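Engineer: Quick one: this structure, given as C-alpha cells, is what I'll be asking you about.
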Amino acid sequence: MSLQSLHSTLTDHPWAYALPVGGVCAWYVFVTSWQSSPGSLPLGPVLLASFVGGFLFEHGSGDASGVGFRTGIVGALPLVWHSHRVFPYIAGLDQPAWFGVVQAMLILFVTVVIVVFAGAFGMLGAFVGSWVATKTSRRGPAVTGE
C-alpha cells in the first residue's frame, strides 16, 4: 500500500482515521488517568491527534472538523470506563431510591457532557491543523527566479 493510497483511504473514510488514532489516544488517556489522581482526564493526546487529522484532511477532500470531533469522542471513552465505578457506590448509600436514580442520571449527563466537550476539544485541534495546512499549502503560483 503506497502512501498516497493510505492518504486517500484516510480522507475518504473519516472513521478510518478517528477509530485507530482515537483508540491509541484513549489507551494513553486511560493509562495516565488510571495512574494519576481520580478525576483527571488528560486531553493533550486527543488535541495532538486531532491536529494531525485536521492537517491531513485539509490536504484531502475530507471534513477536518468532523474527524477532530470523532477523534475527541473516541479518545475520551476512558471517562465512561471510570464513571461506571460510581453506580454501585450510589446503590449502596442509605437514601431513598428516587434520589439514587436522580444521582445516576446526573452522572450520566455529566459524562455525556464531558465526552462532547472532548469532541469539541478535538474539533478545535482539527481546526488549527486545518488552518496550518492552508497556511503551508503550496497551491499558490510558482515562484520564479527572475
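The values are calculated or read from the model by the stated rules, or taken from the named source; none is laboratory data. Note that this is a predicted model, so its numbers are computed, not measured. Neighbour counts run over all protein chains shown; Cβ positions are idealised from the backbone, glycine included.
Engineer: Restricting the first residue to region 24-45 and requiring it to be assigned to a helix (DSSP H, G or I) and hydrophobic (A, V, I, L, M, F, W, C), which pairs with a second residue that is modelled with pLDDT under 80 and surrounded by 12 or more Cβ atoms within 10 Å (Cβ to Cβ) meet a Cβ separation below 7 Å and a spacing of at least six or different chains?
Structural biologist: Once the first residue is assigned to a helix (DSSP H, G or I) and hydrophobic (A, V, I, L, M, F, W, C) and sits in region 24-45, its partners that are modelled with pLDDT under 80 and surrounded by 12 or more Cβ atoms within 10 Å (Cβ to Cβ) give V29/L41; V29/P42; F30/W81.
Engineer: Here's a follow-up. Which ones in region 81-109 are modelled with pLDDT under 90, loosely packed, with under 14 Cβ neighbours inside 10 Å, under 24 Å from W34 (Cβ atoms) and of a type outside the set (K, R)?
Structural biologist: W81, H84, V86, P88, Y89, A91, G92
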